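To start, the structure itself, in structure tokens.
Just so it is clear, none of the values below were taken in a lab; they were calculated from the coordinates. For clarity, every value in this text was computed on a predicted model and none was experimentally measured. Because the Cβ atoms are built from the backbone with ideal geometry, glycine has one as well, and the counts that use them run over all protein chains shown.
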Amino acid sequence: MPYISELLNNTITDSSDDSVGKLQDILISPKADSFAPLEFLVVKAKDGIKFVPYEFVANFNSSEISLKNLFNKVVQNELPKGQFVYLKKEVLDKQIVDVAGTRVVRVNDLRIGNFENKVCVLGIDSSFKGLLRRLGLAGSFLGKPFTVSLIDWRQATLVDNKKGLELNTAAEDLRHLHPADLANIVEDLDVKYGSSLLAALDSREAAKVLEEVNPALQTILIKYLGPERAGKIMSQMSTDELVDLVKTFSSEESSEFLSQVAGIKAQSVSRLLAYPDNTAGGLMTVDYVSCPPDTTIKQITEIIKKLSDSFRSIMYIYVVDTEGNFYGVVSLRRIIIAEPSATMGQLAKRFSKASALKTSDKIERIMQLMTKYNLYSAAVLDKEKKLVGVVTIDDIMRQMFPTA
């Protein structure tokens, strides 16, 4: 099975053994999750560029490229209509997303071979040896320490070619990946393609991915997208993550971008921006579910069903009385096993002042409290003992490992 680097610029002969030109490129018509059969040879002939349908090729290897017929019987002066990709011009040296390996790599060479009686592009060589092969040095002493690293063509998505697979196709291929893995891919791409990939995702999915991206790059990507395009993604971000993002903007930029975010969320962000960093107020989120003490289990179950799509996760329900005072907390586990007629006030685990946070509490105090009481999240109360937000274990982990 040859590599494309071993085929390009080789002489092509027809059935009369006459030299008709040199192989300049190869055309394929890519389809998702499939190997790509060779469609046309791009031939540099004496009178210009010609196209030969691959069905007329007799031999195709590094030592011989020959045709079954006379050249003038099979050659085409113009390329038929269709979506074709030039392997040399549009794939070699370009970035591809290795879906299986969740990484971005450079195409150094392409493996050609037979699959189901068709000659196809089977693999992508991203190794240094592939680059040496292009230079004619793979067999030298320089290439001996290196091994070939092939990526299955079906597990790859082109992202920076103009006429190949579009980014919305890439988004479909990558949708099943965990947001953290997708974030790594966005970080490996340049800003243009990273932001375009985000824009091609559903806004909610894009928000999950953006929250996993390195904070410094978050700002760059959002600014590259611009307020209108970025606003849809920002509206789907969790409030505390959005606050952290907006803090990196100038006051003018903050106003411009927040104007594209839904009213209630924008108001919450503005309120949270008033709290200093590394305090419970600065770390807390206002994305939590609360209810009055007289709410029944049957009623809260219906509420959770309606709200579930709006939250990353729901582990606790916070019980607040009619005056906004914090009453207690009920875990999802207790709700599941409780009788439908029971009320949240009956199930609520009453809190002590010692187990709640103040907006001014520093990170050390937050960690100490959550560790002492084995909390996955901690309620944050204002001076009037009213619930104003929740600090989660994720918020603490991000403080400890901000680049993870």
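Report the relative contact order of the stretch 4-84, percent, no decimals, based on alpha-carbon pairs under 8 angstrom and at least 6 residues apart.
Worked out over the stretch 4-84, it gives 29 percent.
By how many degrees, 0 to 90 and rounded to 10, does the Cα axis of helix 203-212 deviate from the longest principal axis of the chain?
80 degrees
Please report, in debye to the nearest 20, how large the charge dipole of the chain is about its Cα centre when each Lys and Arg carries +1 at its beta carbon and each Asp and Glu carries -1 there.
520 debye
With each run of n ≥ 4 DSSP H residues scored as -39500 (n - 2.57), what mean residue ellipticity at 222 nm is computed for the chain after dividing by its residue count and rounding to the nearest 500 deg cm²/dmol?
That comes out to -9500 deg cm²/dmol.
Run the numbers for residue 10 and residue 354: contour at 0.36 nm per residue of separation, minus the present Cα-Cα distance, in nm.
Using 0.36 nm per residue and subtracting the Cα-Cα distance, I get 115.9 nm.
Residue 22 to residue 192: extension gain in nm, 0.36 nm per residue of separation minus the Cα-Cα distance?
57.7 nm
For the stretch 231-262 and the stretch 325-404, what is the separation of their Cα centres, given in Å?
If we compute the Cα centre of each part, the gap is 26 Å.
Relative to the first principal axis of the alpha-carbon coordinates of the chain, what is the inclination of helix 215-234, with its axis defined by its Cα atoms, in degrees from 0 to 90 and to the nearest 10?
90 degrees
Tell me, what ³J(HN,Hα) does each residue in the stretch 55-62 have, in order and in whole Hz, if you take phi through Karplus 6.51 cos²θ - 1.76 cosθ + 1.60 with θ = phi - 60° and put x for Gly and Pro?
4, 9, 8, 8, 10, 8, 8, 5
Amide H of residue 361: which non-local residues (sequence gap of 5 or more, or other chain) have their own amide H closer than 5 Å, using H built in the peptide plane?
280, 281
How high is the relative contact order of the chain, given as a whole-number percent (alpha carbon pairs under 8 Å, six or more residues apart)?
This gives 9 percent for the chain.
Comparing 114, 77, 61, which has the greatest mean-square fluctuation in the GNM of the chain with Cα pairs linked when under 10 Å apart?
Per the Cα network of the chain with a 10 Å cutoff, 77 tops the list.
Tell me, what HN-Hα J-couplings in whole Hz come from the Karplus equation 6.51 cos²θ - 1.76 cosθ + 1.60 at θ = phi - 60° for each residue of the stretch 333-348, using x for Gly and Pro?
Listing the rounded values in order: 4, 5, 5, 5, 8, 7, 5, x, 7, 5, 9, 5, x, 5, 8, 4 Hz.
If you take the beta carbon distance between residue 1 and residue 180 as r and set R0 to 25 Å, what does 1/(1 + (r/R0)^6) give as a FRET efficiency, to the nearest 0.05?
0.10
Measure nothing but the geometry: give the 0 to 90° angle between the long axis through the Cα atoms of 363-372 and the longest principal axis through the Cα atoms of the chain, rounded to 10°.
On a 0 to 90 degree scale, this one is about 80.
Would you mind checking the pairs 50/81; 81/129; 22/89; 46/118 and listing those with alpha carbons more than 26 angstrom apart?
Flagged as over cut-off: 81/129; 46/118.
What's the FRET efficiency of residue 385 with residue 220 using the Cβ-Cβ distance as r and R₀ = 35 Å, to the nearest 0.05?
The pair residue 385/residue 220 has a calculated efficiency of 0.25.
Taking 0.36 nm per intervening residue step and subtracting the Cα-Cα distance, what contour gain separates residue 273 from residue 115 on full extension?
51.0 nm
With a ≥ b ≥ c taken as the square roots of the eigenvalues of the C-alpha gyration tensor of the stretch 289-400, please select rounded if a/c is under 1.5 and otherwise prolate if a/b is larger than b/c or oblate if it is not?
prolate
Net charge near residue 35: determine it from the other residues with C-beta under 14 Å of the C-beta of residue 35, scoring Lys and Arg +1 and Asp and Glu -1.
0
If amide H atoms are built 1.01 Å from N in the plane of the peptide, which residues on other chains or at least 5 residues away come under 5 Å of the amide H of residue 123?
Here the answer is 111, 153, since their amide H atoms fall under 5 Å of that of residue 123.
Please state the shape class of the stretch 4-84: rounded when a/c is under 1.5, otherwise prolate if a/b exceeds b/c and oblate if not, all from the C-alpha gyration tensor.
prolate
What list of ³J(HN,Hα) values in whole Hz, one per residue of the stretch 316-329 in order, does the Karplus curve 6.51 cos²θ - 1.76 cosθ + 1.60 (θ = phi - 60°) give from phi, with Gly and Pro shown as x?
Karplus values, whole Hz, x for Gly and Pro: 9, 10, 9, 9, 10, 6, 5, 8, x, 6, 6, 9, x, 9.
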